[in-house]
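Read-outs: derived from the displayed coordinates by stated rules, not from any lab. In this text, all values refer to a predicted model and were calculated from it rather than measured experimentally.
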Amino acid sequence: MTPIDLITRALRTAGVYGQNEIVSAPDLSDSFAVLNEMLDSWSTARLYAYQLQTDTLVATPGKQIYTMGTGGDFNVTRPTQVSSVVYTSAAVDYTLWPMDRKNFNDISIKSQPGIPAVFDYEPTFPLGRLYLWPIPADGGTLKVDSPQQLTQFATPTTDVKFPPGYQEAIRLSLAVALAQEFRMPVSNELSIRTGRALRRIRRLNFTTPTLDARPLQSEQFDINSGFFL
């Protein structure tokens, strides 16, 4: 399966081309751009990511902020969000609690050294910024889980494979996008089929929340007692 195959079928599904018509080079080029734009948009939605990727880095003692992205401390694809962070020190894993920017800013003594307990991730561009508190006092290992983004296609002839359910969802969604691109009406049947296909992959990627006994993010962390108040 190549992007050309997907595009050709999507254009026919949308009614832009007939069954035996050959897609012109300009329309193929435009459609390829639309396909990559759609995948880029999907990469911002957690329920379209079919797996998490784990990136590992040895922490630098005294360093609080770690950049994520091409050329950053984590030289990886810049994540749009971070699902979890684990800090390993002396063979012990410490799961960090997520904290939003406001509450992180409310920590009065940000230079406190120790074993990190909380993290805040800012998806700044071109490098995201991962904040830790307390600041690592040793060279422990950081393991960061983030949704793996859908890769855009390098060329229209790139051989591609998808997990079960994705090929239909991508083709039908592309058909809707191309119908709009070429000023064609989107049939009610196509809308219904596309909605069903998207719901199926969202259900596959949905994780049922488990009981979380951690404090709410609105609570304050007291550095003297070591507890959230």
Tilt, helix 166-181 to longest principal axis of the chain (alpha-carbon atoms), in degrees rounded to tens, equals 70
So what's the Cα pair-distance distribution over segment 1-109, bin width 10 Å, in %? 10, 27, 25, 15, 14, 8, 1
Degrees separating the helix 188-205 axis from the principal Cα axis of the chain, which is the longest one: 30
Longest principal axis of the chain (C-alpha) makes with the long axis of helix 3-14 (C-alpha) an angle, in degrees to the nearest 10, of 60
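Take every Cα pair under 8 Å in segment 52-147 that's 6+ residues apart, average their separations, divide by the length, and report that relative contact order as a whole percent. Don't skip to the answer; put the middle values down first.
Values: 231 pairs, mean separation 42.3, N = 96.
Across segment 52-147, relative contact order equals 44 percent.
Over segment 1-51, consider all pairs of different Cα atoms and compute the Kirkwood hydrodynamic radius from their mean reciprocal separation; express it in Å, one decimal.
Values: mean 1/r = 0.0829 Å⁻¹.
Averaging 1/r across every pair of different Cα atoms and inverting gives 12.1 Å.
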Need one number: % antiparallel among DSSP beta bridges in the chain, to the nearest 5. 85
Quick check: Cα centre of segment 107-173 to Cα centre of segment 1-49, how many Å? 27
What number, rounded to the nearest 500 deg cm²/dmol, is the helix-based mean residue ellipticity at 222 nm of the chain, given -39500 (n - 2.57) per DSSP H run of at least four residues and division by all its residues? -9500 deg cm²/dmol
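Counting pairs of alpha carbon atoms under 8 Å apart in space and at least six apart in sequence, what relative contact order in percent does the chain give?
Numbers: 377 pairs, mean separation 64.6, N = 229.
Taking the mean separation of contacting Cα pairs over the length of the chain, I get 28 percent.
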